[in-house]
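Asker: To start, I am sharing the structure in question, which I have written as structure tokens.
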Amino acid sequence: VQLQAFGGGLVQAGGSLRLSCAASGRPSSAVDMGWFRQSPGKEREFVAALTRSGESTYYADSVKGRFTISRDNAKNTVYLQMNILRPEDTAVYYCAAGTPRPYSVALSRSYAYWGQGTQVTVSS
């Protein structure tokens, strides 16, 4: 699976962005998809995940209620809608694909495929 993430940019606090992750080589519906982020000096952290069935979603507590993960199987693309952005959301965002166990969807090592990352900067 090849993944390409895009849609990052600079936005003011309170604003919105939508990230996209285009998958090729294997249908995105065949794998679980996740979003992670990493800011300078910090470890990569889980943001959101969506199971291959589309029936279950998972979110980090820090983004719950503000971010939404979704997929468009026809376009083989997964999205991360980010609303009410905060300066602490500033990071490089990565999409990932894999087949994690339900109890390990938040672990980066559960995902075998990664996109290149897209920078999100939220100004105060």
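Asker: Would you be able to say whether some residue in the stretch 35-47 is among the hydroxyl-bearing types (Ser, Thr, Tyr) and under 20 Å from Gly14 (Cβ atoms)?
Answerer: Yes, because at least one residue in the stretch 35-47 is among the hydroxyl-bearing types (Ser, Thr, Tyr) and under 20 Å from Gly14 (Cβ atoms).
Asker: If we scan the stretch 63-77, do we find a residue that is closer than 16 Å to Phe6 by Cβ and touching a Lys or Arg at 6+ places or on another chain (Cβ under 8 Å)?
Answerer: Looking through the stretch 63-77, at least one residue is closer than 16 Å to Phe6 by Cβ and touching a Lys or Arg at 6+ places or on another chain (Cβ under 8 Å).
Asker: Hey, among the residues in the stretch 1-41 that are assigned to a strand (DSSP E or B) and of a type in the set (Gly, Ala, Ser), which one's farthest from the chain's Cα centre (by Cα)?
Answerer: Ser24
Asker: Out of the strands (runs of 3 or more DSSP E) lying entirely within the stretch 42-124, which hold 1 or more residues that are closer than 14 Å to Ala23 by Cβ and either of a type outside the set (Gly, Ala, Ser) or within 10 Å of the chain's Cα centre (by Cα) (or both)?
Answerer: Once the strands (runs of 3 or more DSSP E) in the stretch 42-124 are filtered for at least 1 residues that are closer than 14 Å to Ala23 by Cβ and either of a type outside the set (Gly, Ala, Ser) or within 10 Å of the chain's Cα centre (by Cα) (or both), what remains is 45-50, 67-72, 77-82, 91-98, 111-114.
Each row is one residue, and each column tells you yes or no for (1) touching a Ser or Thr at 6+ places or on another chain (Cβ under 9 Å); (2) surrounded by 14 or more Cβ atoms within 10 Å (Cβ to Cβ).
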site: Leu3; (1), (2): yes, yes
site: Gly7; (1), (2): yes, yes
site: Gln12; (1), (2): yes, no
site: Leu19; (1), (2): yes, yes
site: Pro27; (1), (2): no, no
site: Phe36; (1), (2): yes, yes
site: Ser39; (1), (2): yes, yes
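Asker: Please enumerate the residues belonging to the stretch 53-108 that are of a type in the set (Lys, Arg), open to solvent by 60 Å² or more (accessible area, probe 1.4 Å), more than 17 Å from Lys42 (Cβ to Cβ) and touching a residue at least 40 places away in the same chain (Cβ under 8 Å).
Answerer: Lys75
The values are calculated or read from the model by the stated rules, or taken from the named source; none is laboratory data. Note that this is a predicted model, so its numbers are computed, not measured. Positions of Cβ are generated from backbone atoms using ideal geometry, with glycine treated the same way; all protein chains shown enter the neighbour counts. Quick note on the areas: whole protein, heavy atoms, side chains included, nothing else; ligands and nucleic acids left out. Shrake-Rupley method; radii C 1.70, N 1.55, O 1.52, S 1.80 Å.
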